[in-house]
Amino acid sequence: MQTANVNLPITITVRHEEVTDSLRGYVTKKIEGLHLDYPRIIGAKAVLDVQKNRHVVEFILFCANHITIEAHTEGSDMYAAIDDTIEKIARRMRKHKTRLLKKHRPHRNESIRHLDERFFTMAVLDHPEDSDVDPEPYIIHTDHYSIRTMFKEDAIMQLELSDRPFVLYKSARRGVLSLVYRRKDGEFAAIDIKDPE
């Protein structure tokens, strides 16, 4: 998973004062250091205003899925106001992720799966080693799975938010059936499923 914003377009505007390289670098470092879990940042705008005895900092983040997050802070020190504004932005990003998790959380009546009870005799458990007959596999629980059309990024996000081992979906870009799963090393892998020729 990406942990820092790479080549993020950031527009920095300073009013009533000239922007210094250290101030520009500080703002850029703070915005690029925001945690990239959700929502994904596409662009950012920072407005720094210096008035008589107060410094006003405003950040606007343009994120994926048409999400815009804004925060502003007034203070006597510009760097402290930048830090406070970044904290507000981070809190609002966490709120968006919490809302998304609640939206995808199963309802209470759907969260408990009821399994059919099965009873076996002790003879079923006895499998002599010299027997050539393998025990028959049986299905414990059938699950219904609907295939949705989505992008690979959305399928990865759905995989992260659920406890399923994979997500099967129809690719919105290419129109083929695809499967996304998490590998043992923690990375994601995708497989395209094609009809046999």
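For region 150-197, chymotrypsin sites (Phe, Trp or Tyr not before Pro) meeting the loop criterion (DSSP other than H, G, I, E, B) and having at most 12 other Cβ atoms within 10 Å: 151. Computed extension length for residue 171-residue 148: 7.4 nm, one decimal, from 0.36 nm per residue of separation with the Cα-Cα distance subtracted.
Rg over Rh for region 32-74 works out to 1.08, both radii taken from alpha-carbon positions and Rh defined as the Kirkwood radius. Once the C-beta distance of residue 53 and residue 11 is scaled by a Förster radius of 25 Å, the resulting FRET efficiency is 0.40 to the nearest 0.05. For residue 92, the shell of other residues with beta-carbons less than 11 Å away shows a net charge of +4, using +1 for Lys and Arg and -1 for Asp and Glu. Listed cross-link partners 29/152; 45/194; 30/52; 52/95 are compared with a 32 Å cut-off, the Cα-Cα value being larger for 45/194; 52/95. Across all Cα atoms of region 10-103, the radius of gyration (one decimal) and Dmax (whole number) stand at 13.6, 45 Å. DSSP finds beta bridges in region 10-103, and of those with both partners inside it, around 75 percent are antiparallel.
Throughout, read-outs are computed from the coordinates displayed, never taken from laboratory work. Predicted model, so just to flag it, every value in this text is computed and none were measured. A quick note on method: Cβ atoms are made from the backbone with ideal geometry, for glycine too, and the neighbour counts reach across all protein chains shown.
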